[in-house]
């Protein structure tokens, strides 16, 4: 290994914690060195564990047990002072918890008939503008947007047409929330559909199909005019769409990469640099990517309408941490390069990615 | 007979003998010199020179220089002593022979030992080289490991620093916030009492537990109210309907019908092979009449010509021969419909449907036909609801068939008509 190789960002495994349950999601608590692990215990109940980073180990601060296994959680829609956790569980319930008083949820609704696969929040944590909202995507094929101030019914509901056979929604993400009115929800389904819903006009803005089931979608930033969208899928492929220019028929320009031979479970952008993101794969590996913009981001096609130009991707680093899929990944919003990932081998790992300043 | 070379000249010192041998124009090579402890031979055909030396010499160190039509030997004596002469005098033939043989043997042994020694040294060298490379690689690896360790430690230290910063920052912020909020609480309380406050305040009763670096509770509720007035109202609820891309082949493997298709193919293959052995009655039949496929074709032809009874007979025989071909039942059902044997038609269509499981794209057409025929039979028996059920099933399999659509509509009207009149 040459010296030049050591100049690339390194993924250093800082702490490894074995858990006694299956972890489905892990999230940093904003403005702290604490992280949450959400999952399902062997006896079929949900677990939320709060850990704090102490030197080279994780110290368990709190453990909360809930009747149903928890699949996903987000801090995206709460204020920095409250830091309430919104979770979706296996039964289709959306709950918002105050972690200091977790016996009764602050907000609770049985949003879906089946498991909530994915959840995202926007408008909180001092990021972006507009009302805090939570979006959930479920196996029952619907995507619903909730406002914590409105009980029982969603403020937006994207459901299949009557009589249409439903497809599982596997992932949801908010984007384009740069002012109080604009908001967009992107949903990925198991048949490869990606749909972009505009919440301001309450309509479907764009859809496409990438042939393989979509495991994870994320905008590079939720609170800016939508810039890039990464969608990962089964069979090791992921696509990066340039969202600045929408062509009337061709949609958004994209570049795709086939990296790992297995499913790419998650993609997460670095909060401090929106062109760097990490993908986690079914073979237990993590890949760190950098997107490079093309010389011109849009060009005119033969009829004179604008169409986008996709850039290029370069692999900065890859590392294999586990033999089981790494199903969840989260960057710390406070410390650049600090991230946590949870895998199906029942371990959660805190990693540090070095030299990100030099990219 | 070789020619003996006798014009040699020699001189000696205490420890060495110098022998010069002119070759008379012949060319000598290193191979032509044979030397052992006591015996020296030079054979350059046709010339030959041999000498049984006076005293033993050290043949490994002795040298021979070939050049200028001359060989110059430098022989080192084993024992430093002055020789009376170069060769031993009074050597008879036998002794000579014996000495020669001995010399040859000795030379051979020496050669063997030399090769052995060489092999051993070679192996040692190899081992040494291997160890050296291993050490080098180890060193390299260690160096990289050390670099990584250093990175790790550096990063861990940074993390600790950052964490402590966070804690301090948080406690500082919380103190500040509380001061600010206490100042704001007073006017807020007044505002609250003025307005009709609909929103419920949870957590009012909870104690002010300070959990490490999060803020106190009751203050935050007020701050939340303050913020709420700056936020837009919740969105007006709306629904967006979506359509999904229809999945054309290939489907996701987890949904593929491969297993069912295999089953269907297997069943078909089996069915064709079964022959109901009821041979006693069938002995007087012709060979071709024992073939269910031929009988089926016959039946089809008769149906086309309008001879429905004949067709039924053909199908009956075919069924007796092979009772698991669904198409036979299907066609017989059509015949019965024409003959208005409605119950039999229903039976046959049902049997056909039974045999047409598992439902795969392969037997779609057959299933549609079966449903349609059964539906027709039901309707003719005035069992309209069952008929409609069958028509709808047919539609589900083949949504694009307009005839079925029209018939289904007609039946629906009929049902509504009867319901109104009853």
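Out of all the residues in the stretch A:75-120, which are part of a strand (DSSP E or B) and more than 14 Å from chain B (Cβ to nearest Cβ)?
Listed by number, the residues that qualify are A:86, A:87, A:88, A:89, A:93, A:94, A:110, A:116, A:117, A:118, A:119, A:120.
Residues checked against (1) part of a helix (DSSP H, G or I); (2) within 14 Å of another protein chain (Cβ to nearest Cβ); (3) modelled with pLDDT under 80:
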position: B:119; (1), (2), (3): yes, no, no
position: B:126; (1), (2), (3): yes, no, no
position: B:161; (1), (2), (3): yes, yes, no
position: B:209; (1), (2), (3): no, yes, yes
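Within the stretch A:45-55, is even one residue part of a loop (DSSP other than H, G, I, E, B) and either at pLDDT 90 or above or under 21 Å from the mean Cα position of the chain (by Cα) (or both)? Spell out the reasoning first.
Filtering the stretch A:45-55 down to residues part of a loop (DSSP other than H, G, I, E, B) leaves A:45, A:55.
From what's left, either at pLDDT 90 or above or under 21 Å from the mean Cα position of the chain (by Cα) (or both): A:45.
The answer is yes; a qualifying residue exists.
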Checklist outcome for this item: Among A:191, A:227, the single one that is within 7 Å of chain B (Cβ to nearest Cβ) and in contact (Cβ under 8 Å) with a residue 24 or more places away in the chain is A:191
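For (1) modelled with pLDDT of 70 or more; (2) under 30 Å from residue A:187 (Cβ atoms); (3) within 14 Å of another protein chain (Cβ to nearest Cβ); (4) more than 36 Å from the chain's Cα centre (by Cα), each residue gets a yes or a no:
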| residue | (1), (2), (3), (4) |
| --- | --- |
| B:239 | yes, yes, yes, yes |
| B:244 | yes, yes, yes, no |
| B:248 | no, yes, yes, no |
| B:251 | no, yes, yes, no |
| B:255 | no, yes, yes, no |
| B:258 | no, yes, no, no |
| B:265 | yes, no, no, no |
| B:276 | no, no, no, yes |
| B:279 | no, no, no, yes |
Checklist entry - Of all residues in the stretch A:143-184 being within 15 Å of residue A:115 (Cβ to Cβ) and surrounded by fewer than 24 Cβ atoms within 10 Å (Cβ to Cβ), which is farthest from the other protein chains (Cβ to nearest Cβ)? => result A:170
Checklist entry - In the stretch B:128-159, what count of residues is obtained for those that are within 10 Å of chain A (Cβ to nearest Cβ) and farther than 30 Å from residue A:11 by Cβ? => result 0
Checklist entry - Taking the stretch A:192-218 on its own, how many of its residues are closer than 26 Å to residue A:278 by Cβ and assigned to a loop (DSSP other than H, G, I, E, B)? => result 5
Checklist entry - Mind checking which residues of the stretch A:142-165 are touching a strand residue (DSSP E or B) at 6+ places or on another chain (Cβ under 7 Å), farther than 18 Å from residue B:232 by Cα and either without any contact (Cβ under 8 Å) to a residue 40 or more places away in the chain or not in a loop (DSSP other than H, G, I, E, B) (or both)? => result A:142, A:143, A:144, A:157, A:158, A:159, A:160, A:161
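The values are calculated or read from the model by the stated rules, or taken from the named source; none is laboratory data. Because the structure is predicted, anything quoted here is derived from the model rather than measured. Reconstructed Cβ throughout: ideal geometry from the backbone, glycine too, with neighbour counts over all protein chains shown.
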